[in-house]
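The values are calculated or read from the model by the stated rules, or taken from the named source; none is laboratory data. The shown structure was predicted, so the numbers you read here are calculated from the model rather than taken from an experiment. Counting neighbours? That spans all protein chains shown, and the Cβs are built from the backbone with ideal geometry, glycine included.
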Amino acid sequence: MDQNALNKIRQTVTENPIVLYMKGTPQFPQCGFSGLAAQVLKACGVTDYVAVNVLADAEVYENLKYYANWPTFPQLYIKGELIGGSDIMKDLYEKGEMQKLVESAKA
């Protein structure tokens, strides 16, 4: 576990209202789950968020699982809090909860 990497992750998720750690980019996701996560945000009207490609940053890739004790990607953070991966995002979206969460991040 690398403390510098954990500090970098903490800084990213606390300084940006919405952060999605994913494989690839929203335009070119490198796995179906990351693609779904980006689509859920798009469906909620979210265009302004930080997307971190974990495949391009080995330090983050290796240490993100320790940051929030969540072993898989993607990981969505809203206002510094881990929301979850694409399955959780999809469930929240279908219940109308994801829309409220992203609205709260804009405030």
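Taking V46 as the residue in question, decide whether it is surrounded by 13 or more Cβ atoms within 10 Å (Cβ to Cβ), part of a loop (DSSP other than H, G, I, E, B) and among the aliphatic types (A, V, I, L, M). Show your work before the answer.
Details: surrounded by 13 or more Cβ atoms within 10 Å (Cβ to Cβ): yes; part of a loop (DSSP other than H, G, I, E, B): yes; among the aliphatic types (A, V, I, L, M): yes.
Here the answer is yes, as V46 does meet what is asked.
Only residues in segment 92-107 that are over 11 Å from L41 (Cβ atoms) and among the polar types (S, T, N, Q) count as the first member; pair them with residues that are surrounded by fewer than 19 Cβ atoms within 10 Å (Cβ to Cβ) and at pLDDT 95 or above, Cβ under 8 angstrom, at least 6 apart or cross-chain, and list the lot.
S104/K79
Evaluate the following for T72: is it surrounded by fewer than 19 Cβ atoms within 10 Å (Cβ to Cβ), β-branched (V, I, T) and closer than 16 Å to M89 by Cβ?
yes
Name every residue in segment 8-19 that is part of a helix (DSSP H, G or I) and either farther than 26 Å from K106 by Cβ or in contact (Cβ under 8 Å) with a residue 40 or more places away in the chain (or both), in order of residue number. So that I can check it myself, show each step before the final result.
First, pick out the residues of segment 8-19 that are part of a helix (DSSP H, G or I): 8-15.
Scanning segment 8-19 gives K8, I9, R10, T12, V13, T14.
Inspect segment 26-41 for any residue being under 11 Å from the mean Cα position of the chain (by Cα), assigned to a helix (DSSP H, G or I) and in contact (Cβ under 8 Å) with a residue 60 or more places away in the chain and give the result as yes or no.
Yes, some residue in segment 26-41 is under 11 Å from the mean Cα position of the chain (by Cα), assigned to a helix (DSSP H, G or I) and in contact (Cβ under 8 Å) with a residue 60 or more places away in the chain.
Evaluate segment 51-68: report whether one residue or more is touching a Leu at 6+ places or on another chain (Cβ under 9 Å), among the hydroxyl-bearing types (S, T, Y), under 18 Å from G24 (Cα atoms) and not in a loop (DSSP other than H, G, I, E, B).
yes
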